[in-house]
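Visitor: Below is a structure I'd like to ask you about.
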Amino acid sequence: MATCFWLRSCGARRLGSTFPGCRLHPRAGGLVPAPGPAPGPAQLRGYVGGLAGLSAALLRTDSFVGGRWLPAAATFPVQDPASGAALGMVADCGVSEARAAVRAAYEAFCSWREVSAKERSSLLRKWYNLMIQNKDDLARIITAESGKPLKEAHGEILYSAFFLEWFSEEARRVYGDIIYTPAKDKRALVLKQPVGVAAVITPWNFPSAMITRKVGAALAAGCTVVVKPAEDTPFSALALAELASQAGIPPGVYNVIPCSRKNAKEVGEAICTDPLVSKISFTGSTTTGKILLHHAANSVKRVSMELGGLAPFIVFDSANVDQAVAGALASKFRNTGQTCVCSNRFLVQRGIHDAFVKAFAEAMKKNLHVGNGFEEGTTQGPLINEKAVEKVEKQVNDAVSKGATIVTGGKRHHLGKNFFEPTLLSNVTQDMLCTHEETFGPLAPVIKFDTEEEAIAIANATDVGLAGYFYSQDPAQIWRVAEQLEVGMVGVNEGLISSVECPFGGVKQSGLGREGSKYGIDEYLELKYVCYGGL
Ligand code: NAP
């Protein structure tokens, strides 16, 4: 324990050669520094669609460590999930590159923590401004690598940039406390200090926003980061690195080490167990979260975990059907059902059930348009890969085999192997897979219920609790249900709840900690109590 503390302290660096592991060696891990030029067409081969005409500076393929673009010994391909076309070959970092990135972040932490809050704020603001200036290009990168419809990608870029803006403001509002103890000759002070280097691991479904939601808070607090983006979507993370560099964020403060799925386990372990790392911040599945919690436990690191959900969407008899349908469309089908807060289970009270199912099916047919994310009018892009399609297909087949009725959709879409039809199932029961396994796809299963108590019991009968939604016009019921749902976030007569100003996070196995809002920066700050005596 004492050793870990020593390794993480910046004093260790000043001991120099007595602890060589604390020094950044530019060629550590066999990396070859390659400062400068943007990737050529050979590296971004094969793709002339949505990325054509983009600034080459934003289309990076190397890792970004210590302010330098560094290739790795191997590369991995990134594909457009809509067409299967190759977008490019990206540096496939391994354990040695990961360790070098941690050392770079650690070196940078020792000076970044001393940078005034005002200056950190101003650099984050510059980064934000650059994101806004480049928002169209950044959105096209998201659509190309994740398949997300371009309009949603634009929305994500704004959401993502707003985290930098928000935390540039929060950076200057980190306050301590003075406490008056019973002893007249003492005063107790509470200081807030940055935690240290944060290992940041993010998923593919929000390739930009899941990074800035963490990194904005971390940098504002005075921490530095090593980001491991998802294999499917490294380009957004690397474009953010280019803009961070242009904004003047000092070398080593924001590092990105892309890697293939094959290397994710080792790279994840390397950054999450390194003694120079003090914090793990993860967004992804509960399964992976548990692995990272094991890593954290061994060296007692701080953690933030944004994990999976199984959001209930409850429609009570008193609900306004049109409002409920609009909310259902928004909460279920955003990003083709691939968000952690997507409704996973629709619970509809007997009295309103038939009207809701009919209106929901009509609205789906009218409003949901499956296509390539770059095409005008597309609202439903491809799923991220064929495995994701197989999961939806399996859930539909399982439900139908146990008595569910397909109201609309129900099968793969003719556009290609990664597309699935927006699907509505009725007569769903709790023994079906889709009611207890996160779908992460365009499937809306409807369970009929009779009483409020029954709905609450079904909604809470799960070991995760991220978001929950319900529609009711009864004020007393609204209070009761909002308080009883075992989730971190509740939408009352509302299907879209995310906002940088509000705390995002879950209860139970949906996670630990909160991101965004005035609370998000606390995840990257330690409290230090100073007892000032002899007064
Ligand atoms: P995932 O498989 O857990 O992957 C997330 C990240 O973890 C990726 O970068 C992945 O790398 C990496 N990873 C996988 N195994 C690892 C290991 N053993 N050690 C270290 N890193 C590892 O999740 P996903 O399928 O990409 O994302 C969907 C999940 O994320 C859903 O459950 C969703 O609910 C959740 N999510 C939660 C939130 C939230 O805020 N609560 C937001 C978005 C998504 P590779 O890409 O290389 O596999």
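Visitor: Just the residues that are within 16 Å of GLU269 (Cα to Cα) and hydrophobic (A, V, I, L, M, F, W, C), please, taken from segment 69-115. Give the steps one after another, and end with the answer.
Guide: Kept after step one, since they are within 16 Å of GLU269 (Cα to Cα), are these residues of segment 69-115: 92-103.
Across segment 69-115, the qualifying residues are CYS93, VAL95, ALA98, ALA100, ALA101, VAL102.
Visitor: Hey, another quick one. Answer with yes or no whether PRO229 is within 12 Å of the ligand (Cβ to nearest atom) and touching a helix residue (DSSP H, G or I) at 6+ places or on another chain (Cβ under 7 Å).
Guide: yes
Visitor: Would you confirm whether or not segment 266-279 contains a residue that is of a type outside the set (A, V, I, L, M), farther than 26 Å from LEU466 by Cα and within 10 Å of the ligand (Cβ to nearest atom)?
Guide: yes
Visitor: OK, next. Quick one: which helices (runs of 4 or more DSSP H) sit completely within segment 215-318 and have at least 1 residues that are among the basic types (Lys, Arg) and outside the structural domain of GLY441 (by the TED database)?
Guide: Values: elements: 234-247, 261-273, 286-299.
So the answer is 261-273, 286-299.
Visitor: Give the residues of segment 423-457 that are open to solvent by 20 Å² or more (accessible area, probe 1.4 Å), touching a residue at least 40 places away in the same chain (Cβ under 8 Å) and either in the same structural domain as THR286 (by the TED database) or more than 15 Å from GLY403 (Cβ to Cβ) (or both), sorted by residue number.
Guide: Listed by number, the residues that qualify are HIS436, GLU437, GLU438, PHE440, ASP450, GLU452.
Visitor: Go through segment 289-337 and give me each residue that's charged (D, E, K, R) and within 12 Å of the ligand (Cβ to nearest atom).
Guide: Correct list: LYS290, GLU306, ARG334.
Visitor: For segment 166-173, does any single residue satisfy the condition of being in a loop (DSSP other than H, G, I, E, B) and either at pLDDT 95 or above or touching a strand residue (DSSP E or B) at 6+ places or on another chain (Cβ under 6 Å) (or both)? If you could, list the steps in order and put the result at the bottom.
Guide: Step one: list which residues in segment 166-173 are in a loop (DSSP other than H, G, I, E, B), which gives none.
No; the residues of segment 166-173 include none that is in a loop (DSSP other than H, G, I, E, B) and either at pLDDT 95 or above or touching a strand residue (DSSP E or B) at 6+ places or on another chain (Cβ under 6 Å) (or both).
Visitor: Which of the numbered conditions does GLY268 fail, given that it passes all the others? Conditions: (1) closer than 16 Å to MET210 by Cβ; (2) buried (at least 24 other Cβ atoms within 10 Å of the Cβ); (3) out of contact with any Gly (no Cβ under 7 Å at 6 or more places or on another chain).
Guide: For GLY268, the exception is condition (2).
Visitor: Take the residues in segment 371-397 that are touching a strand residue (DSSP E or B) at 6+ places or on another chain (Cβ under 8 Å) and within 14 Å of the ligand (Cβ to nearest atom), then tell me which one is farthest from CYS342 (Cα to Cα).
Guide: Ranking the candidates gives VAL389 first.
Visitor: Pull up segment 181-201, narrow it to residues that are assigned to a loop (DSSP other than H, G, I, E, B) and touching a strand residue (DSSP E or B) at 6+ places or on another chain (Cβ under 7 Å), then point me to the one that is surrounded by the most Cβ atoms within 10 Å (Cβ to Cβ).
Guide: So, considering only residues that are assigned to a loop (DSSP other than H, G, I, E, B) and touching a strand residue (DSSP E or B) at 6+ places or on another chain (Cβ under 7 Å), the one surrounded by the most Cβ atoms within 10 Å (Cβ to Cβ) is GLY196.
Visitor: Find all pairs meeting these conditions: Cβ atoms under 8 angstrom apart; at least six residues apart or on different chains; first residue within segment 133-145 and under 15 Å from GLN246 (Cβ atoms) and at pLDDT below 95; second residue in a helix (DSSP H, G or I) and polar (S, T, N, Q).
Guide: Within 8 Å, no pair qualifies.
Visitor: Being within 16 Å of the ligand (Cβ to nearest atom), touching a residue at least 12 places away in the same chain (Cβ under 8 Å) and on the phi > 0 side of the Ramachandran plot, is that true of even one residue in segment 180-200?
Guide: no
Visitor: Just one of the numbered conditions (1) open to solvent by 40 Å² or more (accessible area, probe 1.4 Å); (2) free of Cβ contacts under 8 Å to residues at least 24 places away in the same chain; (3) closer than 29 Å to ILE384 by Cβ; (4) not acidic (Asp, Glu) is not true of SER116; which one?
Guide: Only one criterion in (1) open to solvent by 40 Å² or more (accessible area, probe 1.4 Å); (2) free of Cβ contacts under 8 Å to residues at least 24 places away in the same chain; (3) closer than 29 Å to ILE384 by Cβ; (4) not acidic (Asp, Glu) is unmet by SER116, namely (3).
Visitor: Pairs please, first residue from segment 247-262 and farther than 21 Å from ARG113 by Cβ, second anywhere and open to solvent by 10 Å² or more (accessible area, probe 1.4 Å), Cβ atoms under 6 Å, 6+ apart in sequence or on different chains.
Guide: ILE257/GLU97; ILE257/LYS228; CYS259/ASP92; SER260/ASP92; SER260/GLU231; ARG261/GLU231
Visitor: Okay, next question. Just to verify a result, which residue in segment 483-507, among those that are touching a residue at least 12 places away in the same chain (Cβ under 8 Å) and not in a loop (DSSP other than H, G, I, E, B), is surrounded by the most Cβ atoms within 10 Å (Cβ to Cβ)?
Guide: PHE504
Visitor: Within segment 508-535, can you find the residues that are among the aliphatic types (A, V, I, L, M) and either open to solvent by 50 Å² or more (accessible area, probe 1.4 Å) or part of a loop (DSSP other than H, G, I, E, B) (or both)?
Guide: LEU512, LEU527, LEU535, listed by residue number.
Visitor: Could you look through segment 62-111, keep only residues that are hydrophobic (A, V, I, L, M, F, W, C) and in a loop (DSSP other than H, G, I, E, B), and pick out the one that is most open to solvent (accessible area, probe 1.4 Å)? Give the derivation first.
Guide: Restricting attention to segment 62-111, the residues satisfying the condition of being hydrophobic (A, V, I, L, M, F, W, C) are 64-65, 69-70, 72-74, 76, 78, 82, 85-87, 89-91, 93, 95, 98, 100-102, 104-105, 108-110.
The next check asks that each one be in a loop (DSSP other than H, G, I, E, B); those that pass are 72-74, 82, 85, 93.
Numbers: ALA72: 22, ALA73: 109, ALA74: 46, ALA82: 21, ALA85: 29, CYS93: 0 Å².
So the residue we want is ALA73.
The values are calculated or read from the model by the stated rules, or taken from the named source; none is laboratory data. None of these values were measured; they are calculated from a predicted model. FYI the Cβ positions are ideal-geometry reconstructions off the backbone, even for glycines, and counts take in every protein chain you see. Only protein heavy atoms, including side chains, enter the accessible area calculation; ligands, DNA and RNA are left aside. Shrake-Rupley method; radii C 1.70, N 1.55, O 1.52, S 1.80 Å.
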